[in-house]
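The values are calculated or read from the model by the stated rules, or taken from the named source; none is laboratory data. Fair warning: this is a prediction, and the values are worked out from it, not measured in the lab. Cβ placement follows ideal geometry from the backbone for every residue including glycine, while neighbour counts extend to all protein chains displayed.
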Protein chains: 2
Amino acid sequence: MKVTLSALDTHESSFTPLVVIELAQDVKEETKEWLKNRIITKKKDGDDNDDFLTMAEQQFIIKHELENLRARDEKMIPGYPQAKLYPGKSLLRRLLTSGIVIQVFPLHDNEALKKLEDTWYTRFTVKYQPIDSIRSYFGETIALYFGFLEYFTFALIPMAVIGLPYYLFVWEDYDKYVIFASFNLIWSTVILEVWKRGCASMTYRWGTLVMKRRFEEPRPGYHGVLGINSVTGREEPLYPSYKRQLRIYLVSLPFVCLCLYFSLFVMMIYFDMEAWALGLHENSGSEWTSILLYVPSIIYAIVIEIMNRLYRYAAEFLTSWENHRLESAYQNHLILKVLVFNFLNCFASLFYIAFVLRDMKLLRESLATLLITSQILNQTVESLLPYWLQRKHHVQVKAKLQALKADIDATLYEQVVLEKEMGSYLGTFDDYLELFLQFGYVSLFSCVYPLAAAFAVLNNLTEVNSDALKMCRVFKRPFSEPSANIGVWQLAFETMSVISVVTNCALIGMSPQVNALFPDSKTDLILIVVAAEHALLALKFILAFAIPDKPRHIQMKLARLEFESLEALKQQQMKLVAENLKEEWREGGKEKTP
Amino acid sequence: MKVTLSALDTHESSFTPLVVIELAQDVKEETKEWLKNRIITKKKDGDDNDDFLTMAEQQFIIKHELENLRARDEKMIPGYPQAKLYPGKSLLRRLLTSGIVIQVFPLHDNEALKKLEDTWYTRFTVKYQPIDSIRSYFGETIALYFGFLEYFTFALIPMAVIGLPYYLFVWEDYDKYVIFASFNLIWSTVILEVWKRGCASMTYRWGTLVMKRRFEEPRPGYHGVLGINSVTGREEPLYPSYKRQLRIYLVSLPFVCLCLYFSLFVMMIYFDMEAWALGLHENSGSEWTSILLYVPSIIYAIVIEIMNRLYRYAAEFLTSWENHRLESAYQNHLILKVLVFNFLNCFASLFYIAFVLRDMKLLRESLATLLITSQILNQTVESLLPYWLQRKHHVQVKAKLQALKADIDATLYEQVVLEKEMGSYLGTFDDYLELFLQFGYVSLFSCVYPLAAAFAVLNNLTEVNSDALKMCRVFKRPFSEPSANIGVWQLAFETMSVISVVTNCALIGMSPQVNALFPDSKTDLILIVVAAEHALLALKFILAFAIPDKPRHIQMKLARLEFESLEALKQQQMKLVAENLKEEWREGGKEKTP
């Protein structure tokens, strides 16, 4: 492991390291020289107003500049004839795909990080997170995730508070459950709408609310035959759309269906185990076997988590193989695949217990076990385990460094060596997914297990801390990424809340207490439940439509902005007309003079 | 009636009259002179590139310019001290509200109109309409209405064709009805999605697809106390929002509810009449009384139409009294009021017959009578009657003119006199509303009366002609108005098609044939129907989501446009940077020289 800090030699002492480019061990000198020259030339061309920007913004700009280093007349990367180039090809991408550059990552700012940590999670008190500081250190996308996590936790508190007495006083009275479920439904619609407004306020403050969509470049892994892109007129690899469609419909779709089938198969094994445990308990009936009753659920919960994670890799591989041109298309196909499978994998057994077995006691037990096990697993696997591993590694590196007694600036050297071995943060996808599944556990069968919200709140209070730890200490610092909202997750959460209307209405309709109200006619009962469900769904859509997506003061400010830019445009055009007139008048004068 | 063609005196002979401003009879000379000066000054300021524009576009610009004639230092309109002005107030609006200007309307271009008519409707053959010519004569909004009418008619043809054999062979077999209804549901979703795509292609061709929203001025009738608008910083009338809310919730809402109640009351009278007619028929049983059976429905259909029209006036008055600042807010509140009432007024009786009385024979009769009567009434009241009245008036004016033996240019004089007495076209609202209600008749209970689509197609084939006649000969030429799509009507049609999923599923579930399949358990039947309904609704939403709103080639063109504008922006910024550098260099040079 050899690290050369070549930047240190060429720059003055006030130099702040921002981004690290890790090269492979055996890269030729000629290649290094060429790459350095290309980066420096690019830098000289640009304007230099780094002082006004936060470190995260500077790093974002460097990343953007590096990604836009493009081949001019080079036919290949100097020293690597097999790494072909064509005019306009991004150099960094070719360097990465041919293994010359191993990774590019921004460095942590230890001082700022320490400050951020102090206000964020090191003191274990319940308080608001410093979202604006998170944003200036990690960028908008990550700040929005923590903002959403905090908002969602606060939004769950009323549910948890109302749910507690149902559990404590064993209110089996379904009249009260109906009230709880109705509250739940309206609440879930309102919180999602209110989040949109809060999110708009936040991103307005950050200046990313009216973010112009950047023109999207092909994603790194995209490959094809060189041709002319009909939009940009530039030469770039083209991959025919029909081939992609074939891959999607003939390979990915059958594979996903197979996985779904396998997930259902595992579910049936779980029910067999459940029946076996119940049989054992009924036959012997000791205290040991009553604990045994929970074992199948716990095993199943662990298996679900493992399957979710394995499937995630398969989905990533498949979606990457589908060879989407744009990162956004890749993300959409990946999210769709993962959401469908995770939804079925996590909730199929609950649906089966609720609507086929109709065993409310089992549903409650199963729901509780799944929720709690998955929360414990997630927190362990996601943050604590990597943190522990990384601490161990940290100590090893320190020892090695002291043995080396390096005479160069040891702090920076140490920092680079440590951070380059850290794992990469793969984006907010998994974090949102976890919240999405949690929302499912809380809302889908809320009237059967009102305690779920309380568990979710407890989990999220620690989740904030473990996620913060993960961001600050476990993973490499990610490049900041501007964003205006939580994107497709808003839609996913809204869909979940629509499904929860249906399940909750069905559960209430099936409850013996409600059935007792209609001793003569099941038909009337069902019709009333269906009518109520339709009314609730209609109410949901009307609510979603009637609540404006942006608060009034933001609307006013945006209107003012629009008005001012229109006025400025008008002024500019007027000036243009005036200048043209002057020009004409002058030329008219000239023609007359001779 | 005295008409002075003052424009004729001051202009050269090649003058084409575009827009007429009708002044009140007793306007003072001083006021006329001032108004003429203001208009002419404005005209001189603007650039004059009328040659590139169609007549409709020229008229649109003149309207825009007239509406933007604003008070400078005038405190009142000269000659009318009671017509107060303040800086920035639109002169035209004050002139209209104080009754000095009676109306402003664009003139027909008789030659172009004749040509348009020839390709449009005078030859009674079934063919595509010349949408592009309609657009260049009447503007995008009206062309889009005719485009939608044509598209909708073609889209109904498959429904009509499939529906016919059901009627002819009296297929009471509900298996087949299930197929028909399912086809209907998917079809209605698909046609609405395909329309969006077709509409995008059309408006892309016209250049209005990516139309920048103009900054909206307060609507003409808006009044309030003078204050500073917080968005524009300009002085204008302000009206507190809470007062408007009070008017909406304390007056408009109760009034609408009262109207809905009254509509239900009239419905109950209709059912009494129906029962009376049935009783009479059963007692005597002659052929006369069997015709009598249809009379209550016909009377009810006429009453519905009258109530719809009366309510329309009330809704306009109320919405205007609510004093909305923007035209768009006014339109939204008006459309909401009118749609809710018309929906209930037209369909409440059908819902009552279908789901309370459960009398499918009466439902079919009632549906047929309502549909056919309303179609006949609409075509008569909307186009033929006004056309006949206007022809009569035309003849009178011609006779008068010949008696006058005017020595000025009689053709233009005659045209102005004729057109100024024509009715004003109040926008596409009523035309879309008619199609919306027709869509309701066709889709809500389609499986009971599959012939409805055929009647709708027949009606629309003549509707195209009568609407075209109305636009060309009955009403004043409207100012053209650019638009990108059919706006809120897309949402209204989609909502109707969602409701129709629910009603059709319910009808199928209620049919004796389907009931016969489940002799033992009504519960199973209902559960299956509800499950199918949910699946269909989910399918609808997935379809709406999966079909892209713009065709691929339009998406590509828009992407190309965006790319090019981004490139141009980049170039401009590069130039700016280069110029700044040059400037700095030059100044640096200067400083050194001395």
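Anything in segment B:125-142 that is over 18 Å from B:Glu111 (Cα atoms) and free of Cβ contacts under 8 Å to residues at least 24 places away in the same chain? List them, or say none.
B:Thr125, B:Lys127, B:Tyr128
I need the full set of residues from segment B:541-565 which are facing chain A (nearest Cβ under 10 Å) and among the charged types (D, E, K, R), in order please.
Residues satisfying the conditions are B:Arg552, B:Lys557, B:Arg560, B:Glu562, B:Glu564.
Residue by residue, here is whether (1) modelled with pLDDT under 85; (2) touching a Phe, Trp or Tyr at 6+ places or on another chain (Cβ under 9 Å); (3) surrounded by 14 or more Cβ atoms within 10 Å (Cβ to Cβ) holds:
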{"residue": "B:Val210", "(1), (2), (3)": "yes, yes, no"}
{"residue": "B:Arg213", "(1), (2), (3)": "yes, no, no"}
{"residue": "B:Glu217", "(1), (2), (3)": "yes, no, yes"}
{"residue": "B:Asn229", "(1), (2), (3)": "yes, no, yes"}
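Given the options B:Gly233, B:Gly279, name the one that is surrounded by fewer than 16 Cβ atoms within 10 Å (Cβ to Cβ) and outside any helix (DSSP H, G or I).
B:Gly233
Taking B:Asn378 as meeting all but one of (1) over 29 Å from A:Ala531 (Cα atoms); (2) in contact with a Lys or Arg (Cβ under 9 Å, 6 or more places away or on another chain), write down the number of the exception.
Status for B:Asn378: all satisfied but (2).
Just a yes or no: is a residue in segment B:34-55 surrounded by 12 or more Cβ atoms within 10 Å (Cβ to Cβ), modelled with pLDDT of 80 or more and acidic (Asp, Glu)?
no
Exactly one condition in (1) surrounded by fewer than 20 Cβ atoms within 10 Å (Cβ to Cβ); (2) within 14 Å of another protein chain (Cβ to nearest Cβ) is not met by A:Val464; state its number.
(2)
Give the residue, chosen from A:Tyr128, A:Tyr166, A:Tyr151, that is more than 25 Å from A:Pro482 (Cβ to Cβ), surrounded by fewer than 23 Cβ atoms within 10 Å (Cβ to Cβ) and touching a helix residue (DSSP H, G or I) at 6+ places or on another chain (Cβ under 8 Å).
From the options A:Tyr128, A:Tyr166, A:Tyr151, the qualifying one is A:Tyr166.
How many residues are buried (at least 18 other Cβ atoms within 10 Å of the Cβ) and either within 14 Å of chain A (Cβ to nearest Cβ) or modelled with pLDDT under 75 (or both) when one looks only at segment B:171-181?
Of the residues in that region, 3 qualify.
Report whether or not A:Asn580 is farther than 30 Å from B:Cys505 by Cβ, within 13 Å of chain B (Cβ to nearest Cβ) and not aromatic (Phe, Trp, Tyr).
Working: farther than 30 Å from B:Cys505 by Cβ: yes; within 13 Å of chain B (Cβ to nearest Cβ): yes; not aromatic (Phe, Trp, Tyr): yes.
Judged against the criteria, A:Asn580 is a match.
Residue check: is A:Ser290 farther than 30 Å from A:Arg219 by Cα, among the hydroxyl-bearing types (Ser, Thr, Tyr) and crowded, with 18+ Cβ neighbours inside 10 Å?
No: the conditions fail for A:Ser290.
Can you name the number of the only condition in (1) under 20 Å from A:His324 (Cβ atoms); (2) loosely packed, with under 11 Cβ neighbours inside 10 Å; (3) away from chain B (no Cβ under 14 Å) that A:Gly224 fails?
If we test A:Gly224 against (1) under 20 Å from A:His324 (Cβ atoms); (2) loosely packed, with under 11 Cβ neighbours inside 10 Å; (3) away from chain B (no Cβ under 14 Å), just (2) comes out false.
Taking segment A:18-33, which residues are without any contact (Cβ under 8 Å) to a residue 60 or more places away in the chain and in a helix (DSSP H, G or I)?
Hits for segment A:18-33 are A:Glu29, A:Glu30, A:Lys32, A:Glu33.
What single numbered condition from (1) farther than 20 Å from B:Tyr151 by Cβ; (2) crowded, with 19+ Cβ neighbours inside 10 Å fails to hold for B:Trp489?
Among (1) farther than 20 Å from B:Tyr151 by Cβ; (2) crowded, with 19+ Cβ neighbours inside 10 Å, B:Trp489 violates only (1).
Quick one: would you say B:Ala538 is part of a helix (DSSP H, G or I) and either surrounded by 14 or more Cβ atoms within 10 Å (Cβ to Cβ) or within 12 Å of another protein chain (Cβ to nearest Cβ) (or both)?
So B:Ala538 fits the description; yes.
Report, by residue number, each residue of segment A:109-124 that is over 21 Å from the mean Cα position of the chain (by Cα), in contact (Cβ under 8 Å) with a residue 24 or more places away in the chain and under 27 Å from A:Leu412 (Cα atoms). Steps first, please.
From segment A:109-124, those over 21 Å from the mean Cα position of the chain (by Cα) are A:109-119, A:122-124; that's our starting set.
If we keep only those that are in contact (Cβ under 8 Å) with a residue 24 or more places away in the chain as well, we get A:109-110, A:112-113, A:116-117, A:124.
Matches in segment A:109-124: A:Asp109, A:Asn110, A:Ala112, A:Leu113, A:Leu116, A:Glu117.
I'd like the residue in segment B:182-208 that is under 30 Å from B:Leu53 (Cβ atoms) and small (Gly, Ala, Ser) and, out of all such residues, is modelled with the lowest pLDDT. Walk me through how you get there before you give the answer.
Let us first name the residues in segment B:182-208 that are under 30 Å from B:Leu53 (Cβ atoms), namely B:195-208.
Right, trim to small (Gly, Ala, Ser) and you get B:198, B:200-201, B:207.
On the way: B:Gly198: 92, B:Ala200: 92, B:Ser201: 92, B:Gly207: 84.
Among those that are under 30 Å from B:Leu53 (Cβ atoms) and small (Gly, Ala, Ser), it is B:Gly207.
Return only the number of the condition from (1) within 12 Å of chain A (Cβ to nearest Cβ); (2) touching a residue at least 24 places away in the same chain (Cβ under 8 Å) that B:Thr523 does not satisfy.
(2)
Taking segment A:472-503 as the search range and keeping residues that are in contact with a Ser or Thr (Cβ under 6 Å, 6 or more places away or on another chain) and under 21 Å from A:Leu426 (Cβ atoms), which one is nearest to the other protein chains (Cβ to nearest Cβ)?
That would be A:Pro482.
Conditions tested, residue by residue: (1) farther than 21 Å from B:Tyr441 by Cβ; (2) buried (at least 17 other Cβ atoms within 10 Å of the Cβ).
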{"site": "B:Ile299", "(1), (2)": "no, no"}
{"site": "B:Met307", "(1), (2)": "no, yes"}
{"site": "B:Ser328", "(1), (2)": "yes, no"}
{"site": "B:Asn345", "(1), (2)": "no, yes"}
{"site": "B:Ile353", "(1), (2)": "no, yes"}
{"site": "B:Leu363", "(1), (2)": "no, yes"}
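Name the single residue that is nearest to the chain's Cα centre (by Cα) among those in segment A:267-292 being in contact (Cβ under 8 Å) with a residue 12 or more places away in the chain and within 25 Å of A:Asn342 (Cα to Cα).
The selected residue is A:Met267.
Please go through (1) over 30 Å from A:Ser424 (Cα atoms); (2) within 14 Å of another protein chain (Cβ to nearest Cβ); (3) free of Cβ contacts under 8 Å to residues at least 40 places away in the same chain for A:Ala516 and return the number of the only condition it doesn't satisfy.
(2)
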